[in-house]
Amino acid sequence: MTSSNTLTWKEESGTRTALWQADNGARQPSRIQVVKEMDADTAYRLASAGTGLLWRGDFQHARQLLQAMSARMDAAGQRKKKPTPSTAAESFEQHRKAQALRVRVLGQLLIEIDGNYGIPLKRSPDVVQACTEAWCPADGQARVVPLRSLLGLIGAHEWRKKGVPIATLDGAHIHPHYGVFSPVRGEYLDLVAQAPLPAALQHCPQAFDIGVGTGVLSALLARRGVPRVVATDLSERALACARDNLQRLDLLSKVELVQTDLYPAGNAALVVCNPPWLPAKPTSTLEQAVYDEDSAMLRGFLSGLAAHLCEGGEGWLILSDLAEHLGLRTRDQLMDWIANAGLKVLSRLETRPRHSKAQDPSDPLHAARAAEVTSLWRLGVG
């Protein structure tokens with residue numbers, strides 16, 4: 001049985017209750033079956049029917065079972081005859097549905113974490129630090145989490161520890177926190193490093209970084225000599241991440257962090273924004289850095305830009321055209337939004353993606369990814 005935030009089930013020790021924790025958008029199971037071992041075919045069948053499999057056996061065996069269930073799901077998908085999409089938009093919709101189905105089915109293999117973030121299973125990893133970073137300090141409340149989500153949380157913790165080397169910061173590392181988009185696509189950072197800074201910084205020595213995320217763009221602007229950066233985000237998680245990274249880079253004195261939606265008060269000679277590139281509805285907190293429903297952040301940035309630029313100032317919009325290749329937004333729409341905001345295009349810097357999916361013909365969105373161009377749009381008041 002389930003309620004909005006808790007799971008209740010029965011096992012030998014009696015009736016049990018725990019919080020349901022699924023940051024990747026996995027649904028609460030409709031029923032719970034406690035298992036110590038199970039073959040992959042049975043597990044896949046039960047999970048597909050909505051049965052949550054609460055694992056009580058060896059932790060490493062659970063990981064192996066998850067891999068086997070994933071393989072069976074791939075095989076089932078290949079056997080199932082699906083209509084060939086006639087448009088890129090249909091391909092994207094089919095891809096999203098396949099992703100959602102994977103989250104739903106594979107999210108049924110469950111692990112209980114006790115109130116001190118311990119996993120009472122043989123050969124289980126220590127996840128105390130990873131859970132504390134992702135959620136909050138342990139509060140004594142047991143949680144049930146999809147194993148797939150837990151493994152993602154552990155992976156995020158490792159990324160946070162190691163950091164991501166940033167060539168445009170002379171190889172310095174940015175340490176992404178859980179739930180904050182990692183700057184693994186360095187090509188857009190190259191554009192920000194190459195674009196000429198506006199002369200207006202001489203009389204208006206301030207820049208805005210809208211949607212600060214990890215703080216990488218604020219750090220890059222500060223390293224380029226911008227005297228003061230005001231960086232904004234609605235997410236407390238993102239602001240904490242940016243603060244951590246700017247402190248590591250000894251740049252916190254040059255960047256003010258503000259929790260607000262889009263723009264802070266005042267004007268700037270340069271306003272930089274790297275909004276989520278795809279106009280689709282996020283299905284979990286973790287997708288909010290990738291999907292921007294109805295292009296809300298993009299349109300909000302454009303509509304408010306003219307009012308926040310000082311004389312001669314520029315807005316730098318960092319945007320991929322992947323949405324255009326997927327049929328989710330047209331170039332004409334983007335140009336209309338720019339014009340209706342009282343803006344003009346001063347110039348555009350472009351680069352091709354270097355990530356592996358752009359070269360992977362097996363990727364369901366390969367055609368669009370192969371054609372993708374990422375641009376830095378230099379915008380001024382028209």
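The values are calculated or read from the model by the stated rules, or taken from the named source; none is laboratory data. Fair warning: this is a prediction, and the values are worked out from it, not measured in the lab. Note that we place each Cβ from the backbone using ideal geometry, even for glycine, and neighbour counts take in every protein chain shown.
Miscellaneous remarks
- Single residue of the stretch 253-296 satisfying the filter (farther than 27 Å from GLN202 by Cβ and of a type in the set (Phe, Trp, Tyr)) that is nearest to the chain's Cα centre (by Cα): TYR291
- Residue in the stretch 307-314 that is free of Cβ contacts under 8 Å to residues at least 60 places away in the same chain and over 18 Å from the mean Cα position of the chain (by Cα) present: yes
- Test: residue in the stretch 42-54 that is β-branched (Val, Ile, Thr) and in contact with a Gly (Cβ under 6 Å, 6 or more places away or on another chain): no
- Against the criterion of being assigned to a strand (DSSP E or B) and either among the aliphatic types (A, V, I, L, M) or more than 14 Å from ARG378 (Cα to Cα) (or both), LEU346 qualifies.
- If you filter the stretch 24-47 down to residues that are out of contact with any Leu (no Cβ under 8 Å at 6 or more places or on another chain) and modelled with pLDDT of 95 or more, you find that the one that is nearest to SER149 (Cα to Cα) is TYR44.
- Just one residue in the set ALA339, ALA368, ALA306 is part of a helix (DSSP H, G or I) and either of a type in the set (D, E, K, R) or closer than 30 Å to GLN78 by Cβ (or both); that residue is ALA368.
- Hits in the stretch 168-197 - residues which are touching a Ser or Thr at 6+ places or on another chain (Cβ under 8 Å) and hydroxyl-bearing (Ser, Thr, Tyr): SER182, TYR188
Matching residues to (1) among the aromatic types (Phe, Trp, Tyr); (2) closer than 19 Å to LYS122 by Cα; (3) touching a residue at least 24 places away in the same chain (Cβ under 8 Å):
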| residue | (1), (2), (3) |
| --- | --- |
| GLN21 | no, no, yes |
| ALA26 | no, no, yes |
| TYR44 | yes, no, yes |
| ALA49 | no, no, no |
| LEU53 | no, yes, yes |
| LEU65 | no, yes, yes |
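- Some residue of the stretch 249-257 being among the acidic types (Asp, Glu) and either touching a residue at least 40 places away in the same chain (Cβ under 8 Å) or more than 30 Å from LYS97 (Cα to Cα) (or both): yes
- Among residues of the stretch 339-354 that are within 24 Å of ALA307 (Cα to Cα) and small (Gly, Ala, Ser), those with a Cβ under 7 angstrom from a residue that is part of a strand (DSSP E or B) and at pLDDT 95 or above, sequence gap 6+ or separate chain, pair up as GLY342/VAL381; SER347/ARG378.
- Counted residues, the stretch 47-56 - those being crowded, with 21+ Cβ neighbours inside 10 Å and part of a helix (DSSP H, G or I): 1
- Among residues of the stretch 225-238 being assigned to a loop (DSSP other than H, G, I, E, B) and in contact with a helix residue (DSSP H, G or I) (Cβ under 9 Å, 6 or more places away or on another chain), the one that is surrounded by the most Cβ atoms within 10 Å (Cβ to Cβ) is VAL226.
- Some residue of the stretch 297-314 being at positive phi, in contact with a helix residue (DSSP H, G or I) (Cβ under 7 Å, 6 or more places away or on another chain), in the same structural domain as ALA240 (by TED's automatic domain parsing) and small (Gly, Ala, Ser): yes
- Among the residues here, HIS325 qualifies as farther than 28 Å from THR260 by Cα, crowded, with 17+ Cβ neighbours inside 10 Å and in the same structural domain as LEU189 (by TED's automatic domain parsing).
- If you filter the stretch 6-23 down to residues that are among the polar types (S, T, N, Q) and over 24 Å from LEU101 (Cβ atoms), you find that the one that is modelled with the lowest pLDDT is SER13.
- Residue within the stretch 274-283 that is among the β-branched types (Val, Ile, Thr), assigned to a helix (DSSP H, G or I), surrounded by fewer than 24 Cβ atoms within 10 Å (Cβ to Cβ) and modelled with pLDDT under 95 present: no
- Test: residue in the stretch 209-217 that is closer than 15 Å to VAL271 by Cβ, over 16 Å from the mean Cα position of the chain (by Cα) and among the small types (Gly, Ala, Ser): no
- One residue stands out among those in the stretch 13-46 that are touching a helix residue (DSSP H, G or I) at 6+ places or on another chain (Cβ under 8 Å) and of a type in the set (Gly, Ala, Ser): the one that is surrounded by the fewest Cβ atoms within 10 Å (Cβ to Cβ), which is ALA40.
- Checked against (1) of a type in the set (Ser, Thr, Tyr); (2) surrounded by 14 or more Cβ atoms within 10 Å (Cβ to Cβ); (3) part of a loop (DSSP other than H, G, I, E, B), SER86 passes all but condition (2).
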